[in-house]
1. Across the chain, where is the longest run that never hits GluC sites (Glu not before Pro) in a DSSP loop with at most 14 other C-beta atoms within 10 Å?
2. With viscosity set to 0.890 mPa s at 25 °C, what whole-number translational diffusion coefficient in µm²/s follows for segment 2-118 from Stokes-Einstein and a Kirkwood radius over Cα pairs?
3. What full-extension length gain, to one decimal in nm, is calculated for LYS89 and LEU3 as 0.36 nm per residue of separation minus the Cα-Cα distance?
4. Report the extension gain between ALA107 and HIS34 in nm, rounded to one decimal, defined as 0.36 nm multiplied by the number of residues separating them, less their alpha carbon distance.
5. Mind counting lysine pairs for me in the chain? Cα separation below 20 Å, and the two need to be 8 or more apart along the chain or on different chains.
6. Restrict the search to segment 29-94; then list the trypsin sites (Lys or Arg not before Pro) that DSSP places in a loop and that have at most 15 other Cβ atoms within 10 Å of their Cβ.
7. Work out the P(r) tail for segment 33-92: percent of alpha carbon pairs separated by more than 20 Å, whole number.
8. Pick out, in residue order, every one of the chymotrypsin sites (Phe, Trp or Tyr not before Pro) in segment 36-80 that is DSSP loop and has at most 13 other C-beta atoms within 10 Å; say none if there are none.
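FYI, it's all coordinate maths here, none of it is from the lab. Computed from a predicted model, the values in this text were never measured in an experiment. Here Cβ is always computed from backbone atoms with ideal geometry, including for glycine, and neighbour counts include all displayed protein chains.
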Amino acid sequence: MLLRYKKSFEKIAMGLLSFMPKERELKKLQQTMHIYDENPDWQLYLWKKGEDFVGLLGVEVSEHYFTIHHISVNPSHRGEGIGHAMIEKIRQIMPGKEMHSTDETRAFLQKCPELEKETGKQQF
Ligand SMILES: CC(C)(COP(=O)(O)OP(=O)(O)OC[C@H]1O[C@@H](n2cnc3c(N)ncnc32)[C@H](O)[C@@H]1OP(=O)(O)O)[C@@H](O)C(=O)NCCC(=O)NCCS
């Protein structure tokens, strides 16, 4: 189940975000969380499996497209299809918008069956 992030899930979200290769340092992680907290176009989602939050998806929404900036799954739950399921869900949440990737998310998104388009822009 894909749920919108709330401040009360901050610690679990930071833990999941830290699996992104460029988000390992605490300072960078805090800066990224700040962007999601302050900017309504930047939206964080968490994937709940049973009682646990095991996946994170971070998107930036524009008028005609959305960009996947962050995607991560708890290592204990990788290979179960959660990454693909999060992409499928976000596409349902953003009907009619193209899905774009960044340098950080392109490798996995290219494995997802849906078409994605490269914007060429850097993250931050
Ligand atoms: C990328 C990630 C979110 C995938 O989550 P997941 O729930 O394990 O993915 P799924 O189970 O839906 O899909 C598994 C498939 O994705 C592939 N995959 C996993 N990570 C990948 C990556 N970084 N680049 C390309 N493919 C990747 C697996 O090899 C597997 O492929 P297969 O079906 O051909 O065997 C997870 O591996 C993760 O959290 N990685 C660390 C964070 C990260 O690097 N995110 C950016 C990825 S570009």
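1. It runs 81-113.
2. 172 µm²/s
3. 29.9 nm
4. 23.7 nm
5. Qualifying lysine pairs in the chain: 23.
6. Passing sites in segment 29-94 are ARG78.
7. 27 percent
8. none
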